[in-house]
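Read through the structure below, which is laid out as structure tokens, and then see the notes.
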Amino acid sequence: MLALPSKPFQDRILGILSGARASWSVSSEMAPRVTALLLLPLLLAMPPRTTGCPAACRCYSATVECGALQLRVIPPGIPPGTQTLFLQDNSIAHLEPGALAPLAALRHLYLHNNSLHALDSGAFRGQPRLLELALTGNRLRGLHGSAFVGLAQLRVLYLAGNQLARLLDFTFLHMPRLQELHLQENSIEVLEDQALAGLSSLALLDLSRNQLGTISREALRPLASLQVLRLTENPWRCDCALHWLGSWIKEGGQRLLSSRDRKIMCAEPPRLALQSLLDVSGSSLICIPPSVHVEPLELTANLGEDLRVACQASGYPQPLVTWRKVPQPRGQPQAQVQLEGGAPGLGGQAKATRDTGSGMLFLTNITLAHAGKYECEAANAGGNARVPFRLLVNASLQRSLPPPALPARPAGREPRHEAGSMAFLALGPATQTAVAAAILLLALTALLLTSMICRRRRRRKKAPAPPGEGALFVNDYSDGPCTFAQLEELRDERGHEMFVIDRSKPLFADAPAESPADRSPAEGPAPGLRLPTRVAYEIHC
């Protein structure tokens, strides 16, 4: 597409062509052809204007269309005079610094349905004439007021369908002429009191389909020109903090809400769930003031130690817990105070997670500067409560120094054990000694049992058992039964526990006499018993 020359330059060319045509006496039929032939090389020789179009984009008038091209960055070569730029339905994840700087004449910028996850400070500083900005359907998680610096003329801002969870104070301060703010279909849980400060011209605010549980009167106070307010489809917590909203809607706020937008349904407490805020009486919107508990109220710590102190709070709605160090007299150092999982502060205050109702004060590497008075404060819409806590630092005792390092061993020869390891070398000396003693005692017990079993087996194998399992045969004699001593000796030899002669039950009436030669020499004669006999009796054990 050829660029046309300026008007003075066109007049000059036509003058030259008129003189040439008059001197050459060209017929009227050939005049247009001669003019075109003479104009073509002059136009080709002229420097073209920078009115190009980015590759794959479509350009017409002051509009550039680059939508649905799978772009990852803003394409170069966009004409500086562009007033409307379509970049929707791409994969742009970040606005490179200076990418939009040449587009000072931009009026409408459409970046919806991309992958933007953050906006840098001053991202739109070079667009002072921008009237409409569409950022719907991206992945924005947070907004900072510095991102909108320079948009003093902006009228409409689309931020719907992102992942916003919290709107900080003064986020939209640099857009005094903004008229429409679309924030629906996010995950906004907290709207800080000054988040909408500076929006005195705002006529439409859409906060529907978020995660708002409450909203303060101060948050909407800057909206002097508000005409449309949408708050539906949020999990509203109907307590004393929303009492003002119900009264405001009933008194004069109805003009801002359509019939559909007036259906502000309660999600909490359970007794009011699924009821409209406008149908709930003011006496039912109650709060329970917080109560705070810190145990112990005073604690002594040694230098170099770490300390955690829990502050438990209860109430409805769930209180917000804050730890604060009471300022010390001037000249004394301030200690570092940090809530577990939060950012450290220098003697200031830090906030706990509102969902838990408890804040953990976490002090690391305690020094003398940490000593002093602290306060744990819990606050909700029903009031606040605080409990003091005093920390004393023992300057005379320090944490024992670690033992000197042993000479380095070759890698792989002795493994290192982490804390909590069940390896024997990872146990303490006292535990190692106890384990070793227990193992030794078990070994001695096993050895003793083995010895007793072997001894009993040797006794039973000394002589072959007589006929009859479990019985001992002795000879009868005329001078009475065996004496107790004789039976004891027989018990030692045979292994029986007790012997009783039952003379009424002869075992063998005609038992052959046992000669000394037939008796085993290892068995030996039984004292007091005569071997040759004809009658044997059973001795029971």
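Going by average Cβ neighbours within 10 Å, how do the peptides 141-153, 58-70 rank, with the highest at the top?
Numbers: 141-153: 17.7, 58-70: 14.6.
By packing density, highest mean first, the sequence is 141-153, 58-70.
Across GLU377, GLU268, the residue with the most accessible area heads the list, and the full order at a 1.4 Å probe is GLU268, GLU377.
Model label sites at LYS250 and ARG386, defined 7 Å from Cα along the beta-carbon direction, differ in position by 3.6 nm.
At full extension, ARG217 and ASP306 could sit 27.8 nm farther apart than now, given 0.36 nm per residue minus the alpha carbon distance.
Under 8 Å for C-alpha pairs, at least 6 residues apart: give me the relative contact order for the range 234-288, rounded to a whole percent.
Details: 59 pairs, mean separation 26.8, N = 55.
Dividing the mean separation by the residue count of the range 234-288 yields 49 percent.
Charged neighbours of LEU164, selected by a Cβ distance under 14 Å, balance to 0 (K, R count +1; D, E count -1). With K and R counted +1 and D and E -1, the other residues having a Cβ less than 13 Å from that of VAL64 yield a net charge of +1. Overall, the ratio between the Cα radius of gyration of the range 140-296 and 2.2 N^0.38 Å, rounded to two decimals, is 1.10.
Among 360-373, 311-324, the peptide with the highest mean count of other Cβ atoms within 10 Å heads the list, and the full ranking is 311-324, 360-373.
For the listed peptides 280-286, 236-242, 448-454, a ranking on the average number of other beta carbons within 10 Å per residue, highest first, reads 236-242, 280-286, 448-454.
Residue by residue, the range 281-292 carries 3J(HN,Hα) couplings of 6, x, 5, 8, 8, 10, 9, 10, x, x, 10, 10 Hz when phi is fed to the Karplus relation 6.51 cos²θ - 1.76 cosθ + 1.60 (θ = phi - 60°); x denotes Gly or Pro. All other residues whose Cβ lies under 10 angstrom from that of ALA152 are scored, Lys and Arg at +1 and Asp and Glu at -1, for a net of +2.
The values are calculated or read from the model by the stated rules, or taken from the named source; none is laboratory data. Note that the structure is predicted; figures quoted are calculated from it, not measured. Cβ coordinates were reconstructed from backbone atoms using ideal geometry, including for glycine residues, and neighbour counts include every protein chain displayed. Areas reflect the complete protein model, heavy atoms only, side chains present, ligands, DNA and RNA absent. Shrake-Rupley method; radii C 1.70, N 1.55, O 1.52, S 1.80 Å.
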